[in-house]
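Working notes, beginning with the structure itself.
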Amino acid sequence: MKRQLDKEDKKEDGKRYNFLPLSFIVPQEYGLLAEEFKRNPGVYIMKPIGKSQGKGIFLFNKLSQISDWKKDNRWKSDSPQAETYVCQKYIDNPYLVGGKKFDMRIYCLVMSYSPLVVYLHRNGFARFTFHRFSMNTKEIDNTCMEIIDNVN
């Protein structure tokens, strides 16, 4: 929707859709990620696309940490062995419930964007992390702040 509004020169309306963090597909977009990191350093999160339940997720705040990861994973952009990750700028002020991160799984079927036609399933569930959220750099290896458990 954001892209559509931007194409229609409705950039002010498109700004309402800026709720997703900047994202990169690694290894394919590693060069773009490195450029962005140099311009806008901070904490970033790496999430493997082929895993679930928090497996393989890690945070980093130095590009050298990615270099170590690349060595450990026999990373080459054209290698079929390279595991694909989504890398995003870490949201440092997320909404919290009781000091813990959460997500809500609500299922819907989008039939059309213009006009917007959406069917929402009545059932859904919430998931919460095991540990309280912290932006302390000493906690950067604590993946329990990211692993979410189901609550129906």
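The values are calculated or read from the model by the stated rules, or taken from the named source; none is laboratory data. Predicted model, so just to flag it, every value in this text is computed and none were measured. Here the Cβ is made from the backbone with ideal geometry for all residues, glycine too, and neighbour counts use every protein chain on show.
Scanning segment 32-52 for residues that are loosely packed, with under 14 Cβ neighbours inside 10 Å and either at pLDDT below 90 or part of a loop (DSSP other than H, G, I, E, B) (or both) yields N40, P41, G42, I49, G50, K51, S52. Give the residues of segment 71-96 that are more than 21 Å from N61 (Cβ to Cβ) and modelled with pLDDT under 85, sorted by residue number. R74, K76, S77, D78, S79, P80, Q81, A82, E83, listed by residue number.
Just give me the residues in segment 78-109 being aliphatic (A, V, I, L, M), closer than 29 Å to G42 by Cβ and assigned to a strand (DSSP E or B), in sequence order. V86, V97, M104 - these are the residues of segment 78-109 that are aliphatic (A, V, I, L, M), closer than 29 Å to G42 by Cβ and assigned to a strand (DSSP E or B). Please tell me if K55 is modelled with pLDDT under 85, closer than 16 Å to V26 by Cβ and not aliphatic (A, V, I, L, M). No.
Residues in segment 1-28 that are touching a residue at least 24 places away in the same chain (Cβ under 8 Å) and part of a loop (DSSP other than H, G, I, E, B) were compared, and the one that is surrounded by the most Cβ atoms within 10 Å (Cβ to Cβ) is P27.
So which residues in segment 110-131 are modelled with pLDDT under 85 and part of a loop (DSSP other than H, G, I, E, B)? Listed by number, the residues that qualify are S114, F130, H131.
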